[in-house]
Structure formats: structure tokens, C-alpha cells
Amino acid sequence: MRAAFYQRQGPANEVLQIGDLPTPEPAPGEVRIRLRYSGINPGDTKKRAGYFGSAMPYPLVIPHSDGSGIIDRVGDGVSRHRLGQRVWVYNAQSYRPFGTAAEHTVVPEATAIALPDEVDDVLGACLGIPGITAHRAVFADGDVRGKTVLVHGALGAVGSLAAQLAAGGGATVITTVRRPADLTHLSGAAAERAVSLEGPDVERAIRGHAPAGVDRIIEVAFSDNVDLDARVAANGAVIAAYATREARPRFDFWPMLFDNITIRLLGSDDFPVEARQQAAIELTAAAREGYLTVAAAPPVPLAEIAAAHDRVDANNRRRVLLDLHA
């Protein structure tokens, strides 16, 4: 099969290779997927670059954890009824060497989620890590119906989905973007109560939508926003953070203590199995019902993977996908 892979960490155009590798066979409990699209996430490019000081986990890595395609072979213990089923995939390269930047991948059966007829393959390939992270950020601390949820970075992959999931769960949603010009790019639930972090008196603007404070905060830049978050949080609020700019954030302890604020840190590779499975069910249902959308750029061929990684690193507003049939 044709695949992209790397055997050392470094810049995309230096370490990513494309070539023929053996087509994998599913082990017991696994399925093999003939992939149509591979979704690229910031975590994929950071692993390739050794961003967190990590070493190569395997001698050869096929990157990317998200994708969509058709099950074309099943391992022992998996019903043959799954053959030919359209699926979306998550965690393909989580603690595993071979992800979705290839014509085929094998994954545990539970991480290949049936795609309803109403959901196209592009959206399916965008649901994995961002969708499950967004779901965990919004719902890990319970129902949000009647609550106020602040979503930072609403133009990002996780932030956009978090805003949609929170609104679908019955919450009042407030969103932020970095620059005033970014406000024009928001739509749907994310656009109704939107604030620019570079606008005047950001705290007052958020408080205008939530006079009693915010119950849940979905945080993409913990180190940058934590002081603002503390000022707009209601007593007992949760800050659910899945990213930070500074690795060692500083914040004022006592005001957060007196407001009984919980800080929840979210590492998608290690969410509880039950949480991932529930997220997959609810994401698929939301996509089928039509209220979950993702802005995706036109998919590019496997040969353009290095440029695609660079676009992800440049904080492209639209999801970046590889088309494995191009």
C-alpha cells in the first residue's frame, strides 16, 4: 500500500517520506479500513516534530489518528457484517505505530464508528480527536443544560465543535476569537455571543452575556487566558483546558480558591474508554441530525502531506485532510 511515514522526528519536508509498505492484516478484535480521507491534527504534527521532547515511539510511524473509509477485512472475533461498512476512525495512531496517512489502516473494532448515510466521509474524517476532545471538555463535568459555557478559540477545530455541542446540549454559549476581524468568520451558535480578546474591556463584554458568571470554560490557551477566566467564572465553575502556550502557567491562587474553581486538564490519548465511546456515539448522532458541521479545506493528495502539515502548524482555520484516492 502507499503510505506516508517518518523514521526520525523533525521538520515535515525533511522527515516525511512516501512509499510502498506492506498492507496490514487485522489481528483478533481489529478491523482493516480502506481509507478515503485522513484528518490531520496539531497533535500529529507535534509528534512528528518531537514538540514535547518525546522520542520516536516506534522505528517507523505512519502519522495521523483520524480518518474515514470502508472496512474491507475483519479479524477473528469481529462480525463479518461489518465488512463494507462506512466508518470514521479515531485514535488510530494513539499508542500504535501506524495511523491513517496510508491507503489502509487497522484499528480495534471499537474505534471504527459506523457512519450514517446522512454523514459524508469528509465530516467523518474530522470527528476524531477534535470531536472527542470537544465532547469531553463540554460534558466531563455533567449536563450543561441551563448553564453558561464560554468557548475560547471558537474558530479552531475543538472550539468550533465544543460551541456546537454545548449549544446542542442546551447551554448558553459565549465564544471568543483573537482579533475583531475574526468575528466575521463565525457562524451558527458560535456567532451569537462572540467576543474578541483584542477588543475593549473583554471582561465586561463577557459579563454582559453572563452577569452571574460562566459555569464552564473551554480553554485552548490556558496560560494566556487563565486570569480572565478567573474573573468571569461563577462560583464552582470548571476550566477545561486542552492546550496552553506556556508550559508552566502562572495564576493567582486565592481568588480561584475562594470561587471553588476546578481546573480540568484534557489529554485526548488517555481519556477513559467509556468517555471516548460515549463521545463517539453522541458525535455521530449530532452529525446525522445535521447540527454538527466542520469547515474543511479541499482535501489534498498524499504526496502533499508535508505542505499539509505546515498548514496545520500555521493555524489554518479549516480542517486539513489527505485524500487517499487522489
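Could you pull out every one of the strands (runs of 3 or more DSSP E) wholly within the range 211-326 that has 3 or more residues that are within 20 Å of residue 169 (Cβ to Cβ) and not charged (D, E, K, R)?
Passing ranges, in order: 214-219, 233-241.
So which of 44, 76, 72 ends up being in a loop (DSSP other than H, G, I, E, B) and acidic (Asp, Glu)?
76
Select from the range 141-179 the residues that are among the aliphatic types (A, V, I, L, M) and assigned to a loop (DSSP other than H, G, I, E, B) and list them in ascending order.
Answer for the range 141-179, where residues must be among the aliphatic types (A, V, I, L, M) and assigned to a loop (DSSP other than H, G, I, E, B): 144, 154, 155, 171.
Kindly establish whether residue 61 is crowded, with 20+ Cβ neighbours inside 10 Å, under 16 Å from residue 3 (Cβ atoms) and assigned by TED's automatic domain parsing to the domain that holds residue 314.
yes
From the list 212, 233, 241, 237, exactly one residue is within 21 Å of the chain's Cα centre (by Cα) and under 26 Å from residue 142 (Cα atoms). Which is it?
Step by step, each of 212, 233, 241, 237 is checked, and only 241 is within 21 Å of the chain's Cα centre (by Cα) and under 26 Å from residue 142 (Cα atoms).
Please find, among 143, 121, the residue that is surrounded by fewer than 20 Cβ atoms within 10 Å (Cβ to Cβ) and either over 16 Å from residue 161 (Cα atoms) or not assigned by TED's automatic domain parsing to the domain that holds residue 67 (or both).
143 is the lone residue from the list that is surrounded by fewer than 20 Cβ atoms within 10 Å (Cβ to Cβ) and either over 16 Å from residue 161 (Cα atoms) or not assigned by TED's automatic domain parsing to the domain that holds residue 67 (or both).
Does residue 54 count as small (Gly, Ala, Ser) and either assigned to a strand (DSSP E or B) or more than 30 Å from residue 318 (Cα to Cα) (or both)?
So residue 54 fails the test.
Determine if the range 100-119 includes at least one residue that is touching a residue at least 12 places away in the same chain (Cβ under 8 Å), outside any loop (DSSP other than H, G, I, E, B) and among the acidic types (Asp, Glu).
yes
Would you mind finding the one in 235, 260 that is surrounded by fewer than 17 Cβ atoms within 10 Å (Cβ to Cβ) and either touching a Cys at 6+ places or on another chain (Cβ under 8 Å) or assigned by TED's automatic domain parsing to the domain that holds residue 211 (or both)?
235
Could you check how many residues of the range 3-32 are out of contact with any strand residue (DSSP E or B) (no Cβ under 8 Å at 6 or more places or on another chain) and surrounded by 19 or more Cβ atoms within 10 Å (Cβ to Cβ)?
Residues meeting the conditions: 1.
Is it true that residue 284 is modelled with pLDDT of 95 or more, buried (at least 17 other Cβ atoms within 10 Å of the Cβ), out of contact with any helix residue (DSSP H, G or I) (no Cβ under 6 Å at 6 or more places or on another chain) and of a type in the set (S, T, N, Q)?
In short, yes.
For the range 287-320, name all the residues that are touching a strand residue (DSSP E or B) at 6+ places or on another chain (Cβ under 6 Å), crowded, with 20+ Cβ neighbours inside 10 Å and more than 21 Å from residue 16 (Cα to Cα).
Within the range 287-320, just 294 meets the criteria.
Does residue 227 count as surrounded by 15 or more Cβ atoms within 10 Å (Cβ to Cβ), acidic (Asp, Glu), out of contact with any strand residue (DSSP E or B) (no Cβ under 7 Å at 6 or more places or on another chain) and modelled with pLDDT of 95 or more?
Yes, satisfied.
Considering every residue within the range 166-176, establish whether at least one is buried (at least 17 other Cβ atoms within 10 Å of the Cβ), small (Gly, Ala, Ser) and under 24 Å from residue 248 (Cβ atoms).
Taking every residue of the range 166-176 in turn, none turns out to be buried (at least 17 other Cβ atoms within 10 Å of the Cβ), small (Gly, Ala, Ser) and under 24 Å from residue 248 (Cβ atoms).
Step by step: first the residues of the range 180-202, then only those that are among the aliphatic types (A, V, I, L, M) and in a helix (DSSP H, G or I), then the one that is surrounded by the most Cβ atoms within 10 Å (Cβ to Cβ). Which residue is that?
Per the criteria, the residue is 190.
The values are calculated or read from the model by the stated rules, or taken from the named source; none is laboratory data. The structure displayed is predicted, hence computed values, not measured ones. Glycine gets a Cβ as well: all are built from the backbone with ideal geometry, and neighbour counts include every protein chain shown.
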